[in-house]
1. Taking Asn40 as meeting all but one of (1) over 16 Å from Leu87 (Cα atoms); (2) at pLDDT below 85, write down the number of the exception.
2. Among the numbered criteria (1) in contact with a Leu (Cβ under 7 Å, 6 or more places away or on another chain); (2) surrounded by 13 or more Cβ atoms within 10 Å (Cβ to Cβ); (3) not small (Gly, Ala, Ser), which single criterion is violated by Arg67?
3. Taking region 46-103, which residues are in a strand (DSSP E or B) and on the phi > 0 side of the Ramachandran plot?
4. Within the set of pairs 6 or more residues apart or between chains, which connect a residue that is in a loop (DSSP other than H, G, I, E, B) inside region 28-45 to a residue that is small (Gly, Ala, Ser) with Cβ atoms less than 7 Å apart?
5. Listed residues Glu61, Glu50; which is surrounded by fewer than 12 Cβ atoms within 10 Å (Cβ to Cβ), at pLDDT below 90 and acidic (Asp, Glu)?
6. Considering only residues of region 71-103 that are farther than 20 Å from Gly38 by Cβ and exposed (fewer than 15 other Cβ atoms within 10 Å of the Cβ), which is modelled with the lowest pLDDT?
7. Does Val24 satisfy being assigned to a helix (DSSP H, G or I) and among the β-branched types (Val, Ile, Thr)?
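The values are calculated or read from the model by the stated rules, or taken from the named source; none is laboratory data. From a predicted model like this one, the values you see are computed outputs, not experimental measurements. For neighbour counting, all protein chains shown are included, and Cβ atoms are generated from backbone atoms with ideal geometry for every residue, glycine included.
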Amino acid sequence: MTAVPMFMRGQWQHLIEVGSLRNVEVQVMPAESGFHSGLNGPFVVLETKEQQHLGYIESQEVGRVVRDPAEGNAFGLRYGELRSQALNGVESARLSERLVGET
């Protein structure tokens, strides 16, 4: 086995292990999905007790907290879109297990 497949195998195994925790749900975005709203980079969405969405984005040496309600809501909507486009938890686990077996 070459170094790259072994490296990826460890990552997929880790996702399987983390996904089995009761407070974690791992969802995989299949490559066949093409364009999706997460391609612009990572982001964090927080929801307050008052159901206000806050966002956080980061790039090279720059981080930004998004407090504006309209922008925060846009982050919440984007997160919902990503969840609906990704495989569900069971499908994601099956894909991860299959990929571990292929590496």
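1. Unmet for Asn40, out of (1) over 16 Å from Leu87 (Cα atoms); (2) at pLDDT below 85: (2).
2. Exception for Arg67: condition (2).
3. Residues satisfying the conditions do not exist here.
4. Val28/Ala86; Val28/Ser92; Val28/Ser96; Met29/Gly38; Met29/Ala86; Gly41/Ser59
5. Answer to the selection: Glu61.
6. Applying the filter and picking the extreme gives Glu102.
7. Taking the combined requirement at face value, the residue does not satisfy it.
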